[in-house]
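Since the structure comes first, as structure tokens, the remarks are kept for the end.
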Amino acid sequence: MYRVNEIFYTLQGEGAHSGIPAVFIRFSGCNLRCPWCDTDFSEYTEMTAEQIVSEAIDLYDIPNERRKMVVLTGGEPSLQVDKPLIDALHAAGFYICIETNGTRPLPEGIDWITCSPKMVAYLHPSLKGGEKKKSFPSGEDLGEARLALHKVNEVKVVFTGTYDPEIWRQQLQAEHWLLQPLRFTGEWLIENVDSGEDDRNDNLDDTVRYILSHPFWRLSVQLHKIAGLR
């Protein structure tokens, strides 16, 4: 059984697939506690792979659509997603994307992997021996949460202004730092914080300025929020 927070149909609002219709499967639970997270992990329904696929098919009820996209997100989907679910979604004709913090290995067969790496300051207290962070760290507890992936298609860093995202480019390109060699095949993205709180919601200008001075990166905005979607 999988703990599912919600399943819904909308446009992908972030990254290389922005603007593409997709079924989102949001899994409950995460091994991080990011201060901008907008998911209520206390709410979930236990579902089988067959139930998940059936609901995804019902939501994506478009005749003759040849490429149906599903996005596995959370929370941290790698805590639950496994090969049987991947196989069931593929058998139903879905192109499978996943959004992960990259700290756990993924099953084979996922078509597009978006890694959003985080700092160790956001690790769940049970993993790092500290209390839940209610605000952005000030520097005393920064450090990279080590990745466990060997392949990603895009990297998406949330820009908080408390550390330089270049550390991820340098670290991700250093194979000895990873648990396995990384094969990067896509884009490097930076996204401004949008937590719904005024004091953290206002750094789009800072994010743009950062990218203008670091043109290796590309801006990713949350298109679904701009369009008033889920």
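FRET efficiency for the pair Asp58 and Lys151, taken as 1/(1 + (r/R0)^6) with r the Cβ-Cβ distance and R0 = 30 Å, rounds to 0.45. Quarter the surface of the alpha carbon convex hull of segment 1-119 and you get the mean projected area, 7.1 square nanometres. Applying 1/(1 + (r/R0)^6) with R0 = 30 Å to the Cβ-Cβ distance of Asp205 and Thr185 gives a FRET efficiency near 0.45. Measuring only protein heavy atoms, the 1.4 Å probe finds Cys37 accessible over about 70 Å².
The values are calculated or read from the model by the stated rules, or taken from the named source; none is laboratory data. Bear in mind the structure is a predicted one, so any value in this text is a computation, not a measurement. Virtual Cβ from ideal backbone geometry, glycine too; neighbours counted across all protein chains shown. Quick note on the areas: whole protein, heavy atoms, side chains included, nothing else; ligands and nucleic acids left out. Shrake-Rupley method; radii C 1.70, N 1.55, O 1.52, S 1.80 Å.
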